[in-house]
1. Taking only pairs six or more apart or across chains, which ones have beta-carbon atoms under 7 Å, a first residue in region 152-172 that is under 24 Å from residue 13 (Cα atoms), and a second residue that is charged (D, E, K, R) and within 16 Å of the ligand (Cβ to nearest atom)?
2. Quick check: anything in region 14-28 at pLDDT below 95, outside any strand (DSSP E or B) and surrounded by fewer than 18 Cβ atoms within 10 Å (Cβ to Cβ)?
3. I need a count of the residues in region 111-128 that are within 16 Å of the ligand (Cβ to nearest atom) and either more than 24 Å from residue 21 (Cα to Cα) or surrounded by fewer than 22 Cβ atoms within 10 Å (Cβ to Cβ) (or both).
4. Checking residue 146 against (1) more than 15 Å from the ligand (Cβ to nearest atom); (2) more than 20 Å from the chain's Cα centre (by Cα); (3) not basic (Lys, Arg): exactly one of these is not met. Which one?
5. State which residue is surrounded by the fewest Cβ atoms within 10 Å (Cβ to Cβ) when the search covers only region 166-194 and only residues that are farther than 17 Å from residue 121 by Cβ and among the hydroxyl-bearing types (Ser, Thr, Tyr).
6. Using the structure shown, decide if residue 141 is acidic (Asp, Glu) and within 16 Å of the ligand (Cβ to nearest atom).
7. Residue by residue through region 44-70, note down the ones that are assigned to a helix (DSSP H, G or I) and either among the small types (Gly, Ala, Ser) or within 16 Å of the ligand (Cβ to nearest atom) (or both).
8. Quick one: what pairs do we get from region 97-118, first residue on the phi > 0 side of the Ramachandran plot, second at pLDDT 95 or above and in a strand (DSSP E or B), C-beta under 7 Å, 6+ apart or different chains?
Amino acid sequence: MQPLQLFDPASSTYTYVLFDPATRDAVIIDPVDEQIERDLAVLRENDLRLQWTIETHAHADHITSAYLLAEHAGAKTAAPAGCGIATASKLLVHGDTLVFGGETLKALHTPGHTQGSMSFVWRDHVFTGDTLLINGCGRTDFQSGSSEAMYHSLTQILFALPDATTVWPGHDYQGRTHSSIGQEKAHNARVAGKTLQEFIAIMDALNLPKPRRIDEAVPANLSSGVRHDADAANLAVKSAEGYAGDISNTLAYAWWQAGDAVLVDVRTDAEREWVGQVPGAVSVAWKQWPGMAMNANFDAEIKSAAGGKKVLLLCRSGVRSVAAAKRATELGLQAYNILEGFEGDPDAEAHRGNKGGWRRAGLPWRQG
Ligand code: FE
C-alpha cells in the first residue's frame, strides 16, 4: 500500500494522500493552497472521504490549504502543538495518533527545521516534512530552527525506525520521490557518519537565501491558511441582504482567534445551557419568536460587545443570526452571519459544503 504523492512545482513541495482502501477514509499531509482544485479532484476520483489535514510544520515557502479543505471536503485540521497554529482542531504531541478508517498515523516530534516540526509514521512509511530530506535535511537557520535539535531528530528518532521504512520527504528539488531509512542512515551527505560538531559546521556553512514567501506564508499558516490581508475579506460571501456577509464557522473562528472580530452568540441563556456554548463568545440574545419579548437591550449590548471590531453572529441554525446581522448593520456595525449556527441545519447541502454547525465542525465548545 503506497501513499499518493503529489507535487507542487512552484515550491517543490510534496503533498501526500493516505487512505484506508476498505472504508475510503483519507488524510492529507502538507497540502498547498494553490493545488486545492487538484487535491479535491484526487479525493473525488479515488472516492475518498477526507478526515484530516495534517501539517508537518508552519511552512515558510507555501500556504497550506488546510482551511480550504476543511471548508470544501469537511476535514478536521491537525498540526504539531509546538508550531503555534492556533486554528488547528487537533494539536499533536509526540506519540499522538490520528485514526482514519482502520488505519493509524503516529506523530513523532522531530524538531530542528522548526521547534515544533513533526514526522508521521504510517505502516512502514515515514513522512518527514522538512526534517529528513533525500540526501539532505531541512535548513535550521530561521523560524526557531536548531542544528543541534535537527541532529538529534535525525539520528535518534528517525534513524531509530526500521531500515526498510520508506522515507517520503516534504520537498525534493531534483525530482527524487522517496528513499529509505537504511539508505539515509548510510549515505545522507549531511549526517551519515558525522558527529554533532561536524553536522553543525555543515549547517552553519550553508548560507541560504531567505525564502521568497516567508513573510506572507508563515502568518497565513499559523491560521491554517487563512490569509490576513485584503484577500481575506473576499473569502466571505458578500450578502445582498443588508449585512456584510455570510461566513463559514471555520473562517469565523480564524478571524476571532486572530483578534480581527468578536464572536457574538445570539441564542438565549436557556439554549446555551441546554445545548452547549462556545467558551469566550459574548452573549447578546436575539429574541424573535412569537410571544417572546424582544431583547430591549440588544442595540446597546451588541454595540458595546463589538468594540469597533467586526461582529460574527452565531445562533442555533443560522436563521436568527441573519436577523441579528441586519439589525447590527443598521446600527453601523460590520456584521457577518455564521452559516449553520451552533447546531447546524439539516438542509446543510444547500449551504456550500458547510459541515453542519459549529459543534460538529470540531471547533471549541463545551456543555452549558
Ligand atoms: Fe519548511
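The values are calculated or read from the model by the stated rules, or taken from the named source; none is laboratory data. None of the values given here were measured: they were computed from a predicted structure. Every residue, glycine among them, receives a Cβ derived from its backbone with ideal geometry; neighbour counts consider all protein chains shown.
1. From residues that are under 24 Å from residue 13 (Cα atoms), the pairs are 170/30; 170/130; 171/130.
2. No, that holds for no residue.
3. Result for region 111-128: 8.
4. Going through (1) more than 15 Å from the ligand (Cβ to nearest atom); (2) more than 20 Å from the chain's Cα centre (by Cα); (3) not basic (Lys, Arg) one by one, residue 146 breaks only (1).
5. Top of the filtered list is 173.
6. yes
7. Result: 66, 70.
8. Close Cβ pairs satisfying both conditions: 101/25.
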